[in-house]
Amino acid sequence: MKKLVVLLSLTVALASCGGGKKNQGSGEGLSGEVKIDGSSTVYPLSEAVAEEFRNAEGGIRVTVGESGTGGGFKKFSRAEIDINDASRPIKQEEIDLCKQGGVDYIELPVAYDGLAVVVSKENTFVDYLTVEELKKIWEPEAQGKIKTWNQVRSSFPNQPINLYGAGTASGTYDYFTEAIVGKAKSSRGDYNASEDDNVLVKGISSDKNALGYFGLAYYTNNADKLKLVPINDGDDANGKGGILPTPETVTNGTYQPLSRPLFIYVNTKSADRADVKAFINFYLDNAASLSKEVGTIALPAEVYPLAKKKFEAKKSGSVFAGGKKAVGVSMADLLKAEQ
Amino acid sequence: MNNSQINKLKNLIFKLFAIFCTSVGLIVLVVLLYVVMSKGLARIDFDFLTNLPSRSAERAGIYTALAGMVWILVLTVLIAFPIGVGAGIYLQEYGKRNMFTNFIEINISNLAGVPSIIYGILGLELFGRFLGFGNSILTGSLTLSLLVLPLIIVSTREAIKAVPGSLREASYGLGATKWQTISRVVLPSAFGGIMTGLILAVSRAVGETAPLIVIGALVYVPFIPEGPMDEFTVLPIQIFNWVTRPQAGFVTNAAAAIVILLAFTFMMNGIAVIIRNRFNKRTKF
């Protein structure tokens, strides 16, 4: 028994003395703790920024969780965290929650996320798809009816169409259904669903009749196994015909409607703190360059200074309050309109 | 075919069936080991164990996840062990057979079957919010303690039950009180069994992810927790995060982390076996 106690206390001691890796940065020597939680889509970017920030301000502890956008807003409204990562604008009920909790917030766009529609490498006939065609395939009414490619477009061959898509718990699912079918969470149910995009990649790459969608970063990292489908949104202002999602077309807003802005929401009270201020400024300065590494897509360069200005002016509230859509809007215009 | 041949055939069929049943578990384990080892083994090196989490798969390590896990486990043991063993002793030695103890017993068996995520929700509300511990190591350990308590209680009772009545009677015969009998005769003889139960319970806690995610365990924690009120992450959460990342390198990292986690569990189970053997030898009934 005594031995056991000694062993246990030894383990505790060992565990606690490992802090020798302190990274003394060259910053202003600030200290504090910045707590971030929220969307798993924004997570890689926040993680990358936090990692780089350690080199600049080693005294500030930044932690990042991934409870999902909704889970994060719940904590945010209780002032349990300083910053919430969000892959969509704040919803009305979350605005109400924040009001109840006495939490005011600053909404800052940090990057774009694109969804890729892909087919197998062996698929030779899909040259592009229109939003109409995608809707025809994915809307709830298509369940059990749209089963072959020639039902989508008569020039396609009479081959079965096998669908792969995001699972219902995923933010990607909400977003895709809203952009394509027109209503969030409204989709046919008879497709291969997974919350893990890597599973979808595997499925589509080994099935020549497959069609599926997932985050653009998953295509970029598996480009040798998949074929990207250009999307035609029918709006010639965005360019004629199908548009391929690339960092350029997502950033300049011509790849529509499958690109969405990603946000961070900062508690205004936290924003008064020097450590949070330093972190947010660092975030907005480095989001563009770090986006490339983690698979999100940078906003147009003019947006970041505007966002910094907004943060400095502590302009609180959401520009999307009242149900305004974030799909297909220019971040720069929105931020300019606010100032 | 006469009767005896038919019986022999039945015997053979049952034997084959039994072998098949045994091999199902073994084959799954071997396949799992092969897959993670072939992917992850090459990735494990000293840096992997001592690096902080990172956006680049090559630089990322499991240092803080490992430290968080050790913290959580040690605290869980410190909390769950005395309470679980105490409750086991009460139920087996002091508790009278009545409605009340029956009720408690049924509840303990039921608790052992409650899905772990439910414990997470309880832990979040009770420890995290009501008691105000937040998403700290303390909240995590208390939650996991609840989760493993039924296991410890049941195994304590079984171990105490296995102590022969003659030992107890001899102790009483010498004029020892109940407490003296329990502390000097029953517990030492049952210790091997209790420890085995404890370690098996802890190795279950090692793999738990759901309750810790619910109470708000983080993913990116670039520092070693220094006290029970610090925030933390654990290995299963890090693995969960890595398998969903787009870059192939993270999948390799996940495999490597799984190898470490499996090694940890194997080690714990090994210790359980050694302790059981040692204590069983010491007490000769």
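Below, the figures for the structure above:
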quantity	calculated
Range in chain A, longest, excluding exposed chymotrypsin sites (Phe, Trp or Tyr not before Pro) [loop by DSSP; at most 15 other beta-carbon atoms within 10 Å]	A:129-339
Chain B - percent relative contact order, Cα under 8 Å, separation 6 or more	27 percent
Charge context of A:S67, other residues only, Cβ under 12 angstrom, K/R +1, D/E -1	-1
Candidates B:V85, B:V77, B:V243: whichever shows maximal mean-square fluctuation once chain B is modelled as a Gaussian network with Cα springs under 10 Å	B:V243
12 Å beta-carbon shell around A:V42, net charge (K/R +1, D/E -1)	-3
Separation between Cα centres of region A:144-193 and region A:65-92, rounded to whole Å	29 Å
Calculated FRET value between A:D127 and A:E293, using beta carbons and R₀ = 41 Å, to 0.05	0.85
Cα-centre dipole for region B:142-285 with unit charges at Cβ (Lys and Arg positive, Asp and Glu negative), debye to 20	880 debye
Total formal charge among the other residues, if their Cβ is under 13 angstrom from that of A:E80, Lys/Arg +1 and Asp/Glu -1	+2
Full-extension gain in nm, B:Q180 to B:Y94, via 0.36 nm per residue minus C-alpha separation	29.6 nm
Length-normalised contact order for region A:112-238 - Cα pairs under 8 Å, 6+ apart - percent	42 percent
Estimated FRET transfer efficiency (A:A184, B:S23; beta-carbon r; R0 45 Å; 0.05)	0.40
Too-long pairs where the Cα-Cα distance tops 29 Å, listed order kept, from A:K183/A:K314; A:K145/A:K292; A:K75/A:K309; A:K74/A:K145	A:K183/A:K314; A:K145/A:K292; A:K74/A:K145
Straight-distance crosslink candidates among aspartates and glutamates, where the alpha carbon sits under 18 Å from A:K225 and sequence neighbours closer than 8 are dropped	A:E122, A:D127, A:D196, A:D197, A:D207
Region B:181-285, relative contact order in percent, only Cα pairs under 8 angstrom and at least six apart counted	40 percent
Debye, to nearest 20: dipole size of chain A, +1 on Lys, Arg Cβ, -1 on Asp, Glu Cβ	620 debye
Global form of region A:25-137, assessed from the alpha-carbon gyration tensor, a/c cut-off 1.5	oblate
Alpha-carbon centroid distance for the pair region B:1-40 / region B:186-208, whole angstrom	30 Å
Probe 1.4 Å, all protein chains present, accessible-area order of B:C21, A:C98, largest first	B:C21, A:C98
Extension reserve of the B:K15-B:L78 stretch, reckoned as 0.36 nm per residue once the Cα distance is removed	18.2 nm
MRE, 222 nm, helices only [DSSP H, n ≥ 4, -39500 (n - 2.57), over the protein assembly as shown, to nearest 500]	-16500 deg cm²/dmol
Furthest towards positive pole of dipole, A:F53, A:A223, A:A179, structure part chain A, Cβ charges	A:F53
Rounded FRET efficiency, nearest 0.05, which uses the C-beta distance separating B:F103 from B:V243 and R0 of 41 Å	0.45
Low-density loop cleavage sites - GluC sites (Glu not before Pro) in region A:43-123, where at most 16 other Cβ are within 10 Å (DSSP)	A:E122
Cα-based helix-to-principal-axis angle, A:303-313 vs chain A, degrees rounded to 10	40 degrees
Region B:46-282 shape via C-alpha gyration tensor axes, a/c threshold 1.5	prolate
Rounded if a/c under 1.5, otherwise prolate or oblate - region A:114-251, Cα gyration tensor axes	rounded
Longest segment of chain B lacking trypsin sites (Lys or Arg not before Pro) that sit in a DSSP loop with at most 15 other Cβ atoms within 10 Å	B:98-283
Surface per residue (accessible, 1.4 Å probe) for chain B, Å²	49 Å²
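The values are calculated or read from the model by the stated rules, or taken from the named source; none is laboratory data. It should be emphasised that the depicted structure is a prediction, and the values quoted were computed from it without experimental measurement. Counting neighbours? That spans all protein chains shown, and the Cβs are built from the backbone with ideal geometry, glycine included. Each accessible area value is taken on the protein alone, full model and side chains, heavy atoms only, with ligands, DNA and RNA left out. Shrake-Rupley method; radii C 1.70, N 1.55, O 1.52, S 1.80 Å.
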